[in-house]
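*Asks:* This is the structure, below, for whatever I ask next.
The values are calculated or read from the model by the stated rules, or taken from the named source; none is laboratory data. Computed from a prediction, not measured in an experiment: that's the story for all the values here. Using ideal geometry, Cβ is built from the backbone for each residue, glycine included, and neighbour counts are taken over all protein chains shown. Surface areas here come from the heavy atoms of the whole protein model, side chains and all, with no ligands, DNA or RNA. Shrake-Rupley method; radii C 1.70, N 1.55, O 1.52, S 1.80 Å.
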Amino acid sequence: MALDFQRKIPASFERVRGNEFGYNAKQVDQFLQRAKVALETPKAAVHPLGSADVRAVSFDPVKGGYSAAVVDSALDRLEDAFARRERDELIAARGEDAWLREIGKLSGILRGRLHRPDGERFRRPAKKNVRSYNILDVDNLCYDLIGYLEEDKPLSVDNIRRAVFRPATGSEGYEETQVDAFLDRVVELMAAID
């Protein structure tokens, strides 16, 4: 697993121009070093990092830093590697039925929200000046997810990771934090399945 990770993640990343903002190189390098150690840790040991940690990591913006797009792409591959390991370890410890139950449980939670009526899938901010996501954009992605989960329609986890919604304001849109948290769970499910 660690060798596969090392082949896919470069030793250094492309940097943006000196006057543009990118990710803090030192923070990225330190996180990736911790991830490498975690992937090399034997199965029986407690893992200090997992797929959720990779999904949640953020880096300070600095001028002349690493290209965010390049680092994000590497983090996606890293998250997938951790998700595969987590799946394999769960199956080895508790059997494939336990893994299928976990997947089914998470899928059921997500489907419950997906099948809510259009315009009612997520909270709407109470304050008028709060940024929110365009309802139609989010609902359209939800239809794609229903197709993926229930009709075996193709959908890449990267489509979810890179989803962009037009901005809305206040109750004209869905609350960003709730949509983002939901999409994190979708990525968790899709990474475990694929």
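*Asks:* Among the residues of region 88-100, is there at least one that is farther than 30 Å from L39 by Cβ and either open to solvent by 40 Å² or more (accessible area, probe 1.4 Å) or among the aromatic types (F, W, Y) (or both)?
*Replies:* Within region 88-100, the first condition is being farther than 30 Å from L39 by Cβ, and the residues that meet it are none.
Within region 88-100 (the criterion being farther than 30 Å from L39 by Cβ and either open to solvent by 40 Å² or more (accessible area, probe 1.4 Å) or among the aromatic types (F, W, Y) (or both)), the answer is no, since none of the residues qualifies.
*Asks:* On to the next question. For region 110-133, which positions are free of Cβ contacts under 8 Å to residues at least 40 places away in the same chain and under 12 Å from E172 (Cβ atoms)?
*Replies:* Passing the criteria: only G119.
*Asks:* Now, a different point. Looking only at residues that are surrounded by fewer than 13 Cβ atoms within 10 Å (Cβ to Cβ) and modelled with pLDDT under 85 in region 2-39, which one is nearest to F82 (Cα to Cα)?
*Replies:* Per the criteria, the residue is D4.
*Asks:* Among the residues of region 16-37, count how many are over 14 Å from D72 (Cα atoms), part of a helix (DSSP H, G or I) and not basic (K, R).
*Replies:* The qualifying residues number 4.
*Asks:* Then there's this: Select, from A81, A69, the only residue that is open to solvent by 20 Å² or more (accessible area, probe 1.4 Å), part of a helix (DSSP H, G or I), hydrophobic (A, V, I, L, M, F, W, C) and closer than 17 Å to F31 by Cα.
*Replies:* None of the other options fit; the residue is A69.
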